[in-house]
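Each remark here refers to the structure printed beneath this line.
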Amino acid sequence: MIVPAPAMLGPGEPLGPEGYRLEVRDGEARIEAEGAAGRFYAAQTLRALSADGPPRDVAIADRPRFAWRGAMLDVARHFFGVADVCRVIDHLAAYKLNVLHLHLSDDQGWRLAIGARPRLAEIGGRTAVGGDPGGAYTQDDYREIVAYAADRCVTVVPEIDTPGHVQAALASYPELAGDRGSDPYTGTEVGFSTLDAHDDATYRFLDDVLRELAALTPGAYLHIGGDEAHSTSAEDYRTFMARVQPLVAAHGKRVAGWEEIASVPLLDGAVVQYWNTMGERGPDLARAAAAQGARLLMSPADRVYLDMKYDADTPLGLDWAGHVEVRDSYDWDPATLVDGVGEEAIAGVEAPLWTETVRTMRDVESLLLPRLCAVAEVAWSPQRGRDWEGFRARLAAQAPRWDAAGIAYHRSPQVFATPA
Ligand code: TNX
């Protein structure tokens, strides 16, 4: 029982870098692929087919719909160590997702050691939401995560959120705060902190951070955040983005950012992450991004924000975008979601897991699974090959594997006849 459903290509259709052909006959498997990623996905499919004993005979020709198939983990509001992050990567790889976006900094914590700016990890690393324990990765820790991910065809996209969401950085280096206050912060408000767009020290700081981050990053993208900069004027935001984007480019990387960055001119090759489904501002920004020639990463909060509660009884999570049940995460088409943003403008799909209310790996898994499987299928399988009833049956068949592995998935009544 395979999640995500294979595309079942016709005979002449190209496999591309991530596609594969898999034939199982009389217990013998034959794999054909153009590269390592295709071979890896063929092996993942074979593993899924072999979960309950020897696989039956099949012939599968498969390739993904979108090149960017991701999840985001917010390690800033609550910190998760290397072993936990690797376990999340295992879940991504099992369902052929290929990007782990790590939200490495926010008001409540800074999570990566930067050699040129040691106080970031020392001071900014200490805090987390609610006074919970903080933490920060050494660069060796971080390399370990990146390598573990690469072995499973997952690229890590690191995010340093700017110009807002920076209180942990300001607490570490108060000279960046001017007279705006540099106390550490452990609450859950957003939008109160900002870097100074007119201070050269801001850009020397970011150049140090982005240089080291780029050196740790084999992938093409550095994510510069850009969301909810409510304490930065529109003019300052424009000034800031005009100076930060070239820093990313100077270190050989492309810019990724939340939808708000589409309000200013973007460098070529930028990826813009659509998220806000409340009102028309999000869709307007998504259209503005496409009009600039940027590509869209689809993270609609009312579909794939994995920190939203499943229903009113979900003990964890938020509900500002509504409740997000498994079927909500499944039943949508990225190419028809925003008028004027079609298939060719879309880089892919990514499901963020913000962690204001999320403190343990059990918490993470109960929000991630089973919705991550729905996201994976939206991102991988062609729209014509998808239907909720078929998906639900294949999804329910995953549960024995999760039970055996001690994974604390949510027993959604949409999928499972009986609760826990
Ligand atoms: C909005 S989505 C945020 C985050 C919060 C999240 C909670 C986005 C780009 N910013 O700062 O953690 O809502 O759901």
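Once you reduce region 192-232 and region 1-70 to the center of their Cα atoms, the two points are 39 Å from each other. Computed over region 1-63, the P(r) curve from all C-alpha pair distances, binned at 10 Å from the origin, holds 24, 58, 18, 0 percent per bin. The value of relative contact order for region 68-383, using C-alpha pairs under 8 Å at least six residues apart, is 17 percent. The value for region 257-328 of Rg(Cα) / (2.2 N^0.38 Å) is 1.25. Each of R371, R21, R63 has some number of other Cβ atoms within 10 Å of its Cβ, and from fewest to most they run R21, R63, R371. Quick check: Cα centre of region 343-404 to Cα centre of region 128-159, how many Å? Cα centroid to Cα centroid, the span is 21 Å.
Only counting other Cβ atoms within 10 Å, I'd like V341, V378 sorted with the fewest neighbours first. Each step should come with its number before you reach the end.
Numbers: V341 22, V378 27.
If I rank by nearby Cβ atoms, fewest first, I get V341, V378.
Assuming a ≥ b ≥ c are the square roots of the Cα gyration tensor eigenvalues, decide whether region 68-383 counts as rounded (a/c under 1.5), prolate (otherwise, with a/b larger than b/c) or oblate. In terms of gyration-tensor shape, rounded.
When Lys and Arg each count +1 and Asp and Glu each count -1, what net charge do the other residues less than 11 Å away from G322, Cβ to Cβ, add up to? Can you show the working numbers first?
Values: positive: R303, K309; negative: D302, D311, D319, E325, D328.
Around G322, the surrounding residues sum to -3.
Summing charges over all other residues whose Cβ lies under 15 Å from the Cβ of C86, with Lys and Arg as +1 and Asp and Glu as -1, gives -4. Here the Gaussian network model covers the chain, with springs between Cα atoms less than 10 Å apart; of S263, S299, S193, S263 fluctuates the most. Does region 9-130 classify as rounded, prolate or oblate by the C-alpha gyration tensor (a ≥ b ≥ c root eigenvalues; a/c under 1.5 gives rounded; else a/b over b/c gives prolate, otherwise oblate)? In terms of gyration-tensor shape, prolate. Each residue of region 121-136 is assigned a 3J(HN,Hα), and the resulting list reads 6, 5, 9, x, x, 6, 9, 7, 4, x, x, 5, x, x, x, 7 Hz, derived from the Karplus form 6.51 cos²θ - 1.76 cosθ + 1.60 (θ = phi - 60°), x at Gly and Pro. Fewest-first ordering of C373, C86, C153 by other beta carbons within 10 Å of each residue's beta carbon gives C86, C153, C373.
A short reminder: the numbers here are calculations on the coordinates, not readings from a lab. The model shown is predicted, which means the values in this text are computed figures rather than measured ones. We place every Cβ from the backbone using ideal geometry, glycine too, and count neighbours over all the protein chains shown.
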